[in-house]
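Below is one structure; the comments refer to it alone.
The values are calculated or read from the model by the stated rules, or taken from the named source; none is laboratory data. Computed from a predicted model, the values in this text were never measured in an experiment. When we count neighbours, we look across all protein chains shown, and the Cβ atoms used for this are built from the backbone with ideal geometry, even at glycine.
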Amino acid sequence: MFLPDSLAEVEDLVGFFSYAREDDDDSDGALSKIRDRIQKELRQLLGRRKASGFKVWQDKTAIPHGKLWEQEIRRAVQESVFFVPIITPTAIKSPYCKLEFDLFLKREAQLHRSDLIFPILYIRVPDLENEALWRRSEVLTIVGERQFADWREFRQLKLQDEKDFRIAVEKFCNSIADALRRPLTEQATKGLASVPSDSGSIKANSKPEASAPRATARAMPDSPFGPRPPVPYHRPIWEELTRRQVRNAIAIGAALIGALVCISLAITLIAAPTTPPLVSAGKMTVLTAAAERLLTPKRTFRECDRCPEMIVVAPGTFTMGSPTDEEGHKVNEEPQHTVTMPVKFAVGRFAVTFEQWDTCFALGGCKHRPHDEYWGRVSRPVINVSWDDAQEYVAWLSGMTKKSYRLLSESEREYVTRAGTATPFWWGRTISTQQANYDGRYVYGNGSKGDWRQQTVQVGTFSSNDWGFHEVHGNVWEWAQDCYYEQAYRNPPTDGSAYGGIACAHRVLRGGSWGDSPNYARSASRYGGLPDSRSDNRGLRVARALTP
């Protein structure tokens, strides 16, 4: 018998595509197209033949006419080694999708893994934005505790023609392929040879044989990995107890619970931490208007111990956008146009860190405490924050200091990134992973392949540009104030102000990230995201108005 070293080497590799069919019908088959694209990308990444050996299972294409639907669903989930659920309000409420989740969780546990579910958020689910709410749902808890791909912005696009969608699919499938290539443990190898037992059911599709006695083992369809063991019926213990025994057991249980509560309270009082909780942002040193007038370019200041360090930026003029012959140039970076910053202002030396964000959260200014993906907090850039979350942070910072903090406009962001240069990156025309944090499997210009760290690095890891700003290329995308449109610039502001009003469908992101190719880290590169979307590669940097 062939024993694979990883799930990627399983002879007949199956993934399960879970979705609400109503969503697919209402979107003219868009979800089926997503599944097709994922299957094709994974087949290429894993080197699988087109005719056999690999498939992403979907009920529309896989269940033959005349077959029992639920039985085929169970068989498919139990044979799968990864799970791709499409998250929508309809799917969350669907008992069928819930059953598929439950079945695959058992399969995942049998394989001694916890990294084989890859959710895709396709339509906004408000409860997913509030941990207290998503904890109430078994399905949303699974999604909320794992990193999910946010593809809501692709919902209204022609997916087959959208370059950003193809890149997102490639990144998503690389995550799946990397998980499948991890070496199998001995227990997981044994798990491949068997299939988890039957579990809870939705509405029954067929009736049991009348002649089958209740205590007889239930017959289950065999799996390609071998026959399933019989699952005997065990009489529940409460059927064997008398009423008096039940009452006595309840009384004893209540007494034990009461004792445990008392012990827990005593331990809490005795072992209470002596370190007081964070109650302030540290020493405040807010600048006066007179002090602001004396600030010169490149001077730095920090208005509280846990506030961002700010650098003074001189007024000036630069050319925004990229020439059409620049490698990686996109239409949304043209036409190039002149922008003038009329007055000095201040910008954060680094992206906002977890320590700074956690201060805002501890003091009640920020409602959301973002997950750090187990990469570390403190001096790493905060991630998993939306544009809406960023507005809470700058509002809190402004209220605490009584100064005007805000997000940068995208012209300000490009201005401080270039720092007087006109090349794709502030240091020149190529890039290496010794200069920035991006996906080093890709190259730009005459560069070479490098490291792919697959996570953020601490702020200040790389050298600053001539104006003192660190990590303006890569590490995390940074939200800007502007509204975003995929097309070319349309009457853009030329005075450094933000484009668009209060309400718009997408907001600008700048800088590229640890998970993107170097093309996206260029000074002129622009991207957009839904204002309420969060991701492990999105953060923020702040600006501040100064008294002229």
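Annotations for the structure displayed:
- Condition check for GLU410: among the acidic types (Asp, Glu), in the same structural domain as HIS506 (by TED's automatic domain parsing), farther than 23 Å from LEU546 by Cβ and touching a residue at least 24 places away in the same chain (Cβ under 8 Å): no
- Residue in the range 487-495 that is among the hydrophobic types (A, V, I, L, M, F, W, C) and modelled with pLDDT of 90 or more present: no
- Subset of the range 305-363 [more than 29 Å from the chain's Cα centre (by Cα) and of a type in the set (Lys, Arg)]: LYS344
- Taken residue by residue, the range 479-494 has no member that is basic (Lys, Arg) and surrounded by 16 or more Cβ atoms within 10 Å (Cβ to Cβ).
- Residue within the range 354-363 that is among the hydrophobic types (A, V, I, L, M, F, W, C), touching an Asp or Glu at 6+ places or on another chain (Cβ under 7 Å) and not in a helix (DSSP H, G or I) present: no
- Cross-chain or 6+ apart pairs with Cβ under 8 Å, the range 176-195 first and small (Gly, Ala, Ser), then assigned to a helix (DSSP H, G or I) and at pLDDT below 70: none
- Checking ILE86, ILE73 one by one, the residue that is within 22 Å of the chain's Cα centre (by Cα) and either assigned to a helix (DSSP H, G or I) or modelled with pLDDT of 90 or more (or both) is ILE86 and no other.
- Taking the listed residues ARG541, ARG522, the one that is in contact with a Pro (Cβ under 7 Å, 6 or more places away or on another chain) and crowded, with 17+ Cβ neighbours inside 10 Å is ARG522, with no other qualifying.
- When the residues of the range 301-347 are filtered to those that are part of a strand (DSSP E or B) and touching a His at 6+ places or on another chain (Cβ under 9 Å), the one that is surrounded by the most Cβ atoms within 10 Å (Cβ to Cβ) is MET320.
- Cβ-Cβ contacts under 6 Å between residues 6 or more apart (or on different chains), taken from a first residue in the range 130-158 that is farther than 19 Å from HIS368 by Cα to a second residue that is part of a loop (DSSP other than H, G, I, E, B) and not hydroxyl-bearing (Ser, Thr, Tyr), are listed as ARG152/LEU530; GLU153/LEU530.
- Scope the range 29-50; condition loosely packed, with under 14 Cβ neighbours inside 10 Å and among the basic types (Lys, Arg); matching residues: ARG49, LYS50
- Condition check for ALA91: of a type outside the set (Ser, Thr, Tyr), under 18 Å from VAL125 (Cβ atoms), touching a residue at least 60 places away in the same chain (Cβ under 8 Å) and part of a helix (DSSP H, G or I): yes
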